[in-house]
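Worksheet for the structure shown next.
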C-alpha cells in the first residue's frame, strides 16, 4: 500500500478506531512527530507505534469501546487531512471530572504526512473546550 490516503484510512479504521491498536507499527514510522495544535500551548510529542497503541488503549479505558466515524478524508501529495467524530462513555476521571457513565462526543481533525509508506508526522486539533463542556454538564447532571 503506497497511496497516502489509503494508508491513513487504514490506520484510522484499524488503529485509531480502537479496533486493533496493536497494529500501529504497520502504519507508523518508528518515531512519529505528533504536533498537538491547541490554542493554549502547542506541543510536539515524539511517539513510537507502541506509545501510540497505548494512547489508543488509554482512550478505550476512558471512553469504553467507542464508535469512530471518519467524516472527511482529503489527500494532497504526501499529506492527508482527516476529520472524525468519536462517541464514547465517560468511564474514568478525565480533565478532573469523575466518571459519570454518560455519553461523550469528541470531534477532531488531523493532517498526516506519509513518508515511505508510513505516517511520519501529524498535526492534530481536538475540540477540547467542547469535550470539557460535555464533562462539566454531565457532572452537573444537565
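Only the coordinates and a few stated rules stand behind these numbers; no lab work does. Keep in mind that what you see is a predicted model, and the values were worked out from it rather than measured. Don't worry about glycine lacking a Cβ; one is built from the backbone with ideal geometry, like all the others, and counts go over all protein chains shown.
Just order 121-134, 41-54 by mean Cβ neighbour count inside 10 Å, highest at the front, would you?
So the peptides 121-134, 41-54, ranked by packing, come out 121-134, 41-54.
Could you work out how far helix 49-63 tilts from the main Cα principal axis of the chain, as a 0 to 90 degree angle to the nearest 10?
Its long axis makes an angle of about 20 degrees.
How would 28, 59 line up from fewest to most surrounding beta-carbon atoms within 10 angstrom?
So the ranking, lowest neighbour count to highest, is 59, 28.
Please compute the contact order of the chain in relative form: average sequence separation of alpha-carbon pairs under 8 Å and at least six residues apart, divided by the residue count, as a percent.
So the answer I get is 24 percent.
Put a dot 7 Å past each Cα toward the Cβ at residue 78 and residue 25; how far apart are the dots in nm?
2.4
Limiting things to C-alpha atoms, what are the Rg and the maximum Cα-Cα separation (Dmax) for the chain, in angstroms?
15.2, 49
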